[in-house]
Amino acid sequence: MKSILIIAVVVAIGAIVAVWIGAWRWQKHSNDYRAALITSQQPIAPANYNPRELEGLPAPVQKYLRAVLKDSQPKLKSAQISTEGKFLLDAEKDKWVPFTATQLFTANPPAFDWNARMPMMPGMNVYVQDAYAKEEGVLHAAMFGLIDLANLRGTTDVAQGELMRYLAEAMWMPTVLLPSQNLRWEAIDDNKARATLTDGSVSVALEFRFNAEGLVESIYSPARSRTVGKEVMPAPWQGRFWNYQTHDGMRVPTEGEIEWLLQAGPLPYWRGKVTDIAYEFVQ
């Protein structure tokens, strides 16, 4: 009996140490990845938004940028955003799990790192990295930060999917949506416009849909890569955003939902809200 108790204590201590090591290792990787994003940033000029930059843009895009930016708004260099919400773990069982996440965006070049923690049960966390930098996308999930559940990178599909996510969430860094050598806008109609973002060999496009106030209410892609089992296949994809609030002079959405638009009907899989925003501006 005593030996069984000793073994149980040793196993419990080993499990606690493994959980601690996994969390530490995952956080160190995140810190290193983000440090590389920061050091890779390039200059942005001019440093302040000028309404003349809107000349020639589609009418709904001009209305949007005027609604969310003030004249002479300092342009963004990077942003750190905290979010919380629910993620669809099992569509068949409609099983959602809570998450908390931090995210770093950089404006030039376009890059981001989303690092989330999803508790499966007490003491059992899944860590998830969704990221894009230097023409490479990353989707990495690991139990305890040690046991890989998914590790996708190095393919065109993953790179395009992650750069598309960057573009879809650019409303959190609205000066990124000003026209530049990497971003161009095309008119669709009075309430929609298409943005194309290019980073080296990777290029993606999204349809932005605007409400009567001029704010982005949704984004849409007819074909974003969706991983089903071991296969990657394109599917229509949509994000909806609301509850705009003013942060450092800019109006940004603070709540949203992301979903696949499948033949069987919409399949939401991410619902969240912003809990904190910290901006770094071009000097």
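Just to be sure, is Val158 closer than 25 Å to Ala223 by Cβ, among the β-branched types (Val, Ile, Thr) and under 16 Å from the mean Cα position of the chain (by Cα)?
yes
Would you mind finding the one in Ala193, Ala235, Ala264 that is crowded, with 16+ Cβ neighbours inside 10 Å, farther than 28 Å from Ala59 by Cβ and either over 20 Å from the mean Cα position of the chain (by Cα) or free of Cβ contacts under 8 Å to residues at least 60 places away in the same chain (or both)?
Every option except Ala235 fails the conditions.
Can you tell me which residue within the range 132-158, out of those that are among the small types (Gly, Ala, Ser) and more than 13 Å from Trp26 (Cβ to Cβ), is surrounded by the most Cβ atoms within 10 Å (Cβ to Cβ)?
Out of the qualifying residues, it is Gly137.
State which residue is surrounded by the most Cβ atoms within 10 Å (Cβ to Cβ) when the search covers only the range 1-49 and only residues that are among the β-branched types (Val, Ile, Thr) and at pLDDT 80 or above.
Among them, the one singled out is Ile44.
Does the range 267-283 hold any residues that are closer than 12 Å to Ser82 by Cα and exposed (fewer than 15 other Cβ atoms within 10 Å of the Cβ), and which are they?
The answer is Lys273, Thr275, Asp276, Ala278.
Just one of the numbered conditions (1) within 26 Å of Lys134 (Cα to Cα); (2) in contact with an Asp or Glu (Cβ under 6 Å, 6 or more places away or on another chain); (3) not β-branched (Val, Ile, Thr) is not true of Asn243; which one?
(1)
Do you know which residues across the range 147-176 are outside any helix (DSSP H, G or I), charged (D, E, K, R) and in contact (Cβ under 8 Å) with a residue 12 or more places away in the chain?
Matches in the range 147-176: Arg153, Glu169.
Just checking, how many residues over the range 161-182 are within 25 Å of Trp260 (Cβ to Cβ) and either surrounded by fewer than 19 Cβ atoms within 10 Å (Cβ to Cβ) or among the basic types (Lys, Arg) (or both)?
Selection size over the range 161-182: 1.
The values are calculated or read from the model by the stated rules, or taken from the named source; none is laboratory data. All values reported here derive from a predicted model rather than from experimental measurement. Every residue, glycine as well, gets a Cβ built from its backbone with ideal geometry; the counts of neighbours run over all protein chains shown.
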